[in-house]
Every structure is written in C-alpha cells, then in structure tokens.
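Heads up: the structure comes next, in structure tokens.
The values are calculated or read from the model by the stated rules, or taken from the named source; none is laboratory data. Values in this document were obtained by computation on a predicted structure and should not be read as measured data. When we count neighbours, we look across all protein chains shown, and the Cβ atoms used for this are built from the backbone with ideal geometry, even at glycine. Quick note on the areas: whole protein, heavy atoms, side chains included, nothing else; ligands and nucleic acids left out. Shrake-Rupley method; radii C 1.70, N 1.55, O 1.52, S 1.80 Å.
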Amino acid sequence: MQTAKNISKYLLSVGAIFLLSTYLYFDNSSTFGHILTFLSVTTGFTITALSIIATSNFSKDLYKKEAPDDNSKTLLHQLVGKFEKSTLTFASAIVLILIFSLIEPTNFKEWSFFNTTISFKTVLSGSIWFLTFMSIWLFVDLLRMFSKFVIQSAKRQ
C-alpha cells in the first residue's frame, strides 16, 4: 500500500512539473530572487526550531512514545523526519534557483508538441515553482506543528 502511495505521489509531482513547464508556463523568473529570500528565511526558521526542540525536555518524552502509524519509529523520529524533509525541499529549491540564474542567458533546444514548447529552462522553472509550492505547504505544516510543540512545552513547565 505504501509503495502505491509513493508511486502516485511521484506521478502527481511529475505531472505537476510538466504542467508548470508547458501549459501553465509563463516567464516569471524575475520573482525567483524573492522566492530565494523566502526560502532562506524558512530554512533558518526550520533549523532554529529544530535546535529549540532538540534542547528541550519535551523531546525526551517524544522519544519514549511510539509512533501510532509506524511502530519502528518514535514520535521524535517522525518530528525530525518532517524537519529533514522540509529542509531538503527548501535547499533543493534554492539550488535549482541558483542553477537557473546561471543558465538564464543561455538558450537550450526547445521541443514543440501539442501547440506548446518545452525546454530545459522551462522544466527547471516548473520544478522551481513546484518546489516553492511544496515549500510553502511544508513550512505552514511545520509552523502548525511547532506551535503545538510550544504549547505542550509550556504545559509541562
């Protein structure tokens, strides 16, 4: 069941990147600088929040509790996994933006089909937008989770 779920997520991701690279593509690379700033701030927040959690006594309690959906992991493992996934998504988007800025002046071969064109540059742009949307989603999820963590930590003091 988990494999089918992962395959469907992968296919949806590839489909979304394809749509953002072809039919929904418009040249908006000028906004990538602002996105880079946002991703830098979210990466800093994520690392700071993880360090706050790591130094708290509440993290010890999370380590003692088994995850309800996976008995091989604890709640702390799941929490750290979410932070790791978010940080890797932010960093991937940052790296793609930097690569895009290096190849911006260069034109690569374009392929035309079904009244639309696709190139390495448009696929890179679509990937950046996809990772940006994913980053916003993951950041909001982390913000909700961190606020719950803060409330639980305050209850214990």
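Of 86, 92, 40, all but one fail to be of a type outside the set (Asp, Glu), open to solvent by 50 Å² or more (accessible area, probe 1.4 Å), in contact (Cβ under 8 Å) with a residue 40 or more places away in the chain and in a helix (DSSP H, G or I); the exception is 40.
Just one of (1) open to solvent by 60 Å² or more (accessible area, probe 1.4 Å); (2) at pLDDT 75 or above fails for residue 49. It is (1). Within region 15-37, if we keep just the residues that are assigned to a loop (DSSP other than H, G, I, E, B) and open to solvent by 30 Å² or more (accessible area, probe 1.4 Å), the residue that is modelled with the highest pLDDT turns out to be 27.
Scanning region 43-68 for residues that are polar (S, T, N, Q) and outside any helix (DSSP H, G or I) turns up 55, 56, 57.
Residue-by-condition table, conditions (1) within 21 Å of residue 59 (Cβ to Cβ); (2) at pLDDT below 75; (3) in contact with a helix residue (DSSP H, G or I) (Cβ under 6 Å, 6 or more places away or on another chain):
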site: 81; (1), (2), (3): yes, no, no
site: 84; (1), (2), (3): yes, no, no
site: 105; (1), (2), (3): no, yes, no
site: 126; (1), (2), (3): no, no, yes
site: 133; (1), (2), (3): no, no, no
